[in-house]
Amino acid sequence: PELPVNKAVDLGCGGGRSVSRLLEKFPESHVTGVDYSPLSVEKAREYNRDKIDEGRCTVLTGDVSSLDLPKETFDLAMAFETIYFWPGLDRCFAQVAGILKQGGYFMICNESDGADAFSLKYEKIIDGMKVYTASEIEAALKKAGFSEIRVNHHYSRPWIAILAKK
């Protein structure tokens, strides 16, 4: 859906490129980036310095399992290629629900739908990584109180995009 977004948050923002894309997509909005890694936060701040200086962007160090963000504030929460490393979807998705306004959306994009052998091999070589299936993600979203969950699969790759409404 076309969303009126005043405040968006990118959870697991890494080096800040997706924060920049959100700022472009929603030119009247404020975007907050959150990452567990202080190095990533530093890189994201460098990458988005102009928007930070304009007051349109904030980048913070944080843990999605215990978000230190204002409750019921964001219209949109995004997680690009990051839930693989979240410490338990139930708890983390409940945290995301807590910071979203009623009627806000949570979008998850993964380059693995949890069914392709190529991606699953990374669970064995990357410490703390868990590749989830679309149905596992959907179940955790429902448990956290999300509804209107839409799962979109890429036509030729094992990619998924999931949109859920609070």
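Worth pointing out:
- Odd one out for V131, checked against (1) part of a loop (DSSP other than H, G, I, E, B); (2) surrounded by fewer than 18 Cβ atoms within 10 Å (Cβ to Cβ); (3) aliphatic (A, V, I, L, M): (2)
- Residue count, the stretch 104-137 (criterion: within 25 Å of A8 (Cα to Cα), among the acidic types (D, E) and in contact with a Phe, Trp or Tyr (Cβ under 9 Å, 6 or more places away or on another chain)): 2
- Qualifying residues in the stretch 153-166 (those that are hydrophobic (A, V, I, L, M, F, W, C) and modelled with pLDDT of 85 or more) - the one surrounded by the most Cβ atoms within 10 Å (Cβ to Cβ): A164
- Of all the listed residues (V19, V59, V41), the sole one being touching a Leu at 6+ places or on another chain (Cβ under 8 Å) and under 26 Å from Y84 (Cα atoms) is V41.
- Assessment of the stretch 98-114 against the conditions (under 16 Å from the mean Cα position of the chain (by Cα), outside any strand (DSSP E or B) and surrounded by fewer than 18 Cβ atoms within 10 Å (Cβ to Cβ)) yields at least one matching residue.
- Only listed residue being assigned to a helix (DSSP H, G or I) and touching an Asp or Glu at 6+ places or on another chain (Cβ under 9 Å), chosen from L3, L22: L22
- The set of residues in the stretch 70-97 being part of a loop (DSSP other than H, G, I, E, B) and either loosely packed, with under 15 Cβ neighbours inside 10 Å or within 14 Å of the chain's Cα centre (by Cα) (or both) consists of P70, K71, E72, E81, T82, W86, P87, G88.
- Breaking point among (1) of a type outside the set (D, E, K, R); (2) at pLDDT below 95; (3) under 16 Å from the mean Cα position of the chain (by Cα), for P1: (3)
- In the stretch 135-152, the qualifying residues are those that are in contact (Cβ under 8 Å) with a residue 24 or more places away in the chain, surrounded by fewer than 19 Cβ atoms within 10 Å (Cβ to Cβ) and outside any loop (DSSP other than H, G, I, E, B), and the one that is nearest to the chain's Cα centre (by Cα) is E138.
- Selection of the stretch 30-66 for residues being under 17 Å from G14 (Cβ atoms) and assigned to a loop (DSSP other than H, G, I, E, B) yields Y36, S37, N48, G62, D63.
The values are calculated or read from the model by the stated rules, or taken from the named source; none is laboratory data. Quick caveat: nothing in here was measured; it's all calculated off a predicted structure. Glycine gets a Cβ as well: all are built from the backbone with ideal geometry, and neighbour counts include every protein chain shown.
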